[in-house]
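The structure under discussion appears below in the form of structure tokens.
Only the coordinates and a few stated rules stand behind these numbers; no lab work does. Quick caveat: nothing in here was measured; it's all calculated off a predicted structure. Cβ sites come from the backbone with ideal geometry, for glycine too, and all protein chains shown count toward neighbours.
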């Protein structure tokens, strides 16, 4: 499974511009042979555009995500629109299961090659350190798993990297690869590098940590999108400028590493 990680340049509050950029990058990655294209956290509005969250929130069946369903079907590629601001009441009205019937959530949606919604993940660990996310959003309650082209895939979001028990849940569910759309800022670059690699090493799984790029007043995203293999080896990495990088995920490699190295079997 070839994963294309889109380190998108995000402009705060400029939803139309951000969405158009993202759609273009999905099409380009699909033409280049990607099986799955992953977008960063809150690529639609920009993580630090807190005052815009409520204004731009939509149902998961709304117009914005419908564009990504359409491009997934048109290009025959899986797309993780990860993440967008979800209006929970609007989603509920459209018959979508939600953790609450009011408020907004930080939600990742995976569309398959037919444009069908295959996985919905609402960020479980909301960030409150110098951020308004905790005050404005409703946390998710589960971490679902889906199979893509024979690869078991899970999704977490940004701050979730600091909670290893969530990744161990995914490992126990048989996950080979975790996709992590993020909006990780400066100056915590070493945390970003260390946590993504650690989650790969301790779970003997691929981790694709996909960050955004761009400045939001005094805040800036650090980029450094990286894909790690089950040994924690870097397969592909970026700087802080917008780019797309690719890496191949092989479930047989995961099985071989877990068979060779007994850490998961040695748990007590």
### Query
Taking residue 45 and the conditions (1) closer than 23 Å to residue 2 by Cα; (2) in contact with a helix residue (DSSP H, G or I) (Cβ under 7 Å, 6 or more places away or on another chain); (3) crowded, with 22+ Cβ neighbours inside 10 Å, which numbered condition does it fall short on, given that it satisfies the others?
(1)
#### Entry: Number of the condition not met by residue 100 [criteria: (1) within 18 Å of residue 156 (Cα to Cα); (2) part of a loop (DSSP other than H, G, I, E, B)]
(1)
### Query
Out of all the residues in the range 181-198, is one or more surrounded by 24 or more Cβ atoms within 10 Å (Cβ to Cβ) and within 16 Å of residue 254 (Cα to Cα)?
no
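The rows are residues; the columns are (1) touching a residue at least 12 places away in the same chain (Cβ under 8 Å); (2) closer than 19 Å to residue 256 by Cβ; (3) under 17 Å from the mean Cα position of the chain (by Cα).
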position	(1), (2), (3)
175	yes, yes, yes
178	yes, yes, yes
190	no, no, no
193	yes, no, yes
205	yes, yes, yes
213	yes, no, yes
217	yes, no, no
224	yes, no, yes
